[in-house]
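Undergrad: This is the structure, below, for whatever I ask next.
Rule-based calculations on the coordinates, nothing more; no lab input. Here the structure is a predicted model, which is why all the values come from computation and not from measurement. Glycine also receives a Cβ, built like all others from the backbone with ideal geometry; neighbour counts cover every protein chain displayed.
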Amino acid sequence: MRHWSMKAPAIAVLISAATLFCAQAQAQEKSIVVASTTSTQDSGLFGYLLPIVKQKLGITVKVLAQGTGQALDTARRGDADVVFVHAKSAEEKFLAEGFGVKRYPVMYNDFVLIGPKNDPAGIKGKDVLTALQTIKAKAAPFVSRGDRSGTHIAELALWQKAGIDVAHDKGSWYKEIGQGMGAALNMAAASGSYVLADRGTWLAFKNRADLTILVEGDKRLFNQYGVMLVSPAKHPHVKKDLGQAFIDWLVSPEGQHAIAGYKINGQQLFYPDADDPNA
Amino acid sequence: MSDFTDALRTAALLIINLDPELRGIVLLSLAVSLTASVCAFLVGSPLGTALVVYRFRGRGALIVIANALLGLPPVVVGLVVYLLLSRSGPLGSLGILFTPTAMVIAQALLGAPIVVALVHRMMTDVWATYGDALLVDGASRLRAMPPIMSIGRDGLFTAFLAAFGRAIAEVGAIIIVGGNIRDYTRTMTTAIALETSKGDLSLALALGIILIVLSMIVSGASLVVARSLTGRW
């Protein structure tokens, strides 16, 4: 009676401790942490692929959906076993620093330039560099990820190829939001802006409002994904056997076939290319 | 308006079908936030009471600090806990980053100042009324702590609920230290953030509705338990 105020919480803590214990016990099973990008999660690829991995390999894959730059940093700190990202230049830097063991190309899709259906800047059907130059010239609103993600890195490279120093020339039309692909699309939908997106996330995205694809099919919009085991030499606790097993499966004919089989409304989202040594 | 009706319908369907993934998410949210707020309470309530009962140098400073920390930004707490628990951080060898345990730690750190500050404030009046009587027999201040906490238990309870409310509604810290891993560290709030980013706004709002209902049920149930235990509101 006197200390009732201690009793209710004590009961609560017992229940929740039991639940947490179960959650931790679950963690004792074979599991790896994969630092990846928002596109692989937001497109639904992992939701489709990971149950297959669990069934075939008995490995539970815990995915951190972070954007390429952050995912590589998470791995640098030793907080992930495998990285699965899409910015070849950043991946090669990661390898050169000794944080990764080996890079395996896994699959590709492409970026698309998205904007409002009425296309105020008039970029529809142009090549991507002309389209960006037009957006800049007309100061049409453009949403940039601004988060060092693979898509952001690709966007910056495209501005550069278009001869525009966007870091210097950006005006109020250029909004760096520092968030994931979905958030950027939400913002573009709400504000009638242009935005560069990976096709996978776009196809899976639900809140399109009057956004549509305006520029696509340009070779410069190619988007390659790669996977790497985090170096056990740098971080001895890395689960190298399980991590390598996951990578080996992804690039195996079986894994590649599974990736090709992921479709939304009959449309394939990712194209396997583990057998392409230049990818 | 269709967004809201869609969300209500989605929420109802999710509840009626007892969606198994949703059930896991709800249980984890409750487990993490309850454990964290209980930890914050067990540490914070004696501390807050001691700040009333004892007189010592630096007491005023501690009270100011506890009150200032009421506005502790979750995202900063998340970042600090992340850096501490990261494999490259001082506590990295524990290997608990991106686990529910890390989420409990972050939320307990957020809840503790709330408990300390609220308990201190509510105990001040109680102590002013009963303090002299409790000390008059020459009892030590330590001996006066349990009875004064018992007298002020309504206040303690409010402090606990405030800490729980902070925890269950919080997303900034746990999304950093938990990583929003499906079936493992995904809670109601991080799931809402995820569905929003996927553009599935009606599902996100449906989860929000369920979270609010859940939070009301927990607070209501706590009040009922409290009343049955004390016989008073």
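Undergrad: When the dipole is taken about the Cα centre of chain A, and only Lys, Arg (+1) and Asp, Glu (-1) are charged at their Cβ, what size is it in debye, to the nearest 20?
TA: Once rounded to the nearest 20, the dipole reads 680 debye.
Undergrad: Right, here's the next one. Could you sort out which of A:K30/A:K240; A:K206/A:K263; A:K117/A:K206; A:K88/A:K124; A:K62/A:K102 sit more than 23 Å apart by Cα distance in this structure?
TA: Cα-Cα > 23 Å for A:K88/A:K124; rest within.
Undergrad: So, one more: Aspartates and glutamates within cross-link reach of A:K136: Cα-Cα under 20 Å, excluding same-chain residues under 8 positions apart?
TA: Filter leaves A:D119, A:D127, A:E155, A:D165, A:D169, A:E176, A:E216, A:D218.
Undergrad: I'd like to know which of B:F157, A:Q256, B:T10 lies farthest towards the positive end of the charge dipole of the protein assembly as shown, counting +1 on Cβ of Lys and Arg and -1 on Cβ of Asp and Glu.
TA: B:F157
Undergrad: When Lys and Arg each count +1 and Asp and Glu each count -1, what net charge do the other residues less than 13 Å away from B:S88, Cβ to Cβ, add up to?
TA: Neighbour charge sum, excluding B:S88 itself: +2.
Undergrad: Counting only helical runs of four or more DSSP H residues, what would the 222 nm mean residue ellipticity of chain A come to if each run contributes -39,500 (n - 2.57) and the total is spread over all its residues?
TA: Here the helix-only value at 222 nm equals -13000 deg cm²/dmol.
Undergrad: When DSSP beta bridges are limited to those with both residues in chain A, what percentage is antiparallel, rounded to the nearest 5?
TA: So the antiparallel bridges in chain A amount to around 65 percent.
Undergrad: Sticking with the crude label model, points 7 Å out along Cα→Cβ, report the distance from A:Q160 to B:L69 in nm, one decimal please.
TA: Rounded to a tenth, the inter-label distance reads 4.6 nm.
Undergrad: Looking at the square roots a ≥ b ≥ c of the eigenvalues of the Cα gyration tensor of region B:77-233, which shape do they give, rounded for a/c under 1.5, prolate if a/b is larger than b/c, or oblate?
TA: Because a/c hits 1.5 or more and a/b fails to exceed b/c, region B:77-233 counts as oblate.
Undergrad: Grab the other residues whose beta carbon is less than 11 angstrom from that of A:K234, score K and R as +1, D and E as -1, and report the net.
TA: Computed value for this residue: +2.
Undergrad: Also, quick follow-up: Can you show me the helix-derived [θ] at 222 nm for chain B, built from DSSP H runs with n ≥ 4 at -39,500 (n - 2.57) apiece and divided by the number of residues, rounded to the nearest 500.
TA: That calculation yields -26500 deg cm²/dmol at 222 nm.
Undergrad: Follow-up. To the nearest Å, what is the center-to-center distance of region A:127-171 and region A:251-279, using C-alpha atoms only?
TA: If we compute the Cα centre of each part, the gap is 29 Å.
Undergrad: Pairing the Cα long axis of helix B:20-53 with the longest principal axis of chain B, what angle in degrees results, from 0 to 90 and rounded to the nearest 10?
TA: 20 degrees
Undergrad: By how many nm would the segment from B:S2 to B:I217 grow when fully extended, if each residue of separation counts as 0.36 nm and the alpha-carbon distance is taken off?
TA: Stretched out fully, the B:S2 to B:I217 stretch lengthens by 74.7 nm.
Undergrad: Where a ≥ b ≥ c are the square roots of the eigenvalues of the C-alpha gyration tensor, would you call chain A rounded, which needs a/c under 1.5, or, failing that, prolate if a/b is larger than b/c, or oblate?
TA: Note, shape of chain A comes out prolate.
Undergrad: If you line up the long axis of helix B:188-197 against the longest principal axis of chain B, both from Cα atoms, how many degrees apart are they, to the nearest 10?
TA: With rounding to tens, the tilt is 40 degrees.
Undergrad: Collect residues whose amide H, placed 1.01 Å from N in the peptide plane, falls under 5 Å from the amide H of A:S144; neighbours closer than 5 in sequence don't count.
TA: A:K175, A:E176, A:I177
Undergrad: Which of the aspartates and glutamates could be linked to A:K56 by a straight reach, that is with a Cα gap under 18 Å, when you skip same-chain ones fewer than 8 residues away?
TA: A:E29, A:D241, A:D248, A:E254
Undergrad: Size of the dipole of the protein assembly as shown about the Cα centre, Lys and Arg at +1 and Asp and Glu at -1 on the beta carbon, nothing else charged, in debye to 20?
TA: 1180 debye
Undergrad: Which one of B:M123, B:L201, A:G78 has its Cα pushed farthest toward the positive end of the charge dipole of the protein assembly as shown, where Lys and Arg give +1 and Asp and Glu give -1 at the Cβ?
TA: Of the listed residues, the answer is B:M123.
Undergrad: With the Cα gyration tensor of region A:110-221 giving a ≥ b ≥ c as the square roots of its eigenvalues, does the rule (a/c under 1.5 for rounded; else a/b larger than b/c for prolate; else oblate) give rounded, prolate or oblate?
TA: rounded
Undergrad: Excluding residues fewer than 8 places away in the same chain, name every one of the aspartates and glutamates whose C-alpha is closer than 19 Å to that of A:K234.
TA: A:K234 reaches A:D73, A:D79, A:D81, A:E91, A:E92, A:E97.
Undergrad: Would you mind checking the tilt of helix B:2-16 against the longest principal axis of the Cα atoms of chain B, expressed as 0 to 90 degrees and rounded to 10?
TA: 80 degrees
Undergrad: Which is the longest part of chain B that has none of the trypsin sites (Lys or Arg not before Pro) sitting in a DSSP loop with at most 11 other Cβ atoms within 10 Å?
TA: The answer is B:58-231.
Undergrad: Take every DSSP beta bridge whose two residues both sit in the protein assembly as shown, then give the antiparallel share in percent to the nearest 5.
TA: Rounded to the nearest five, the antiparallel share is 65 percent.
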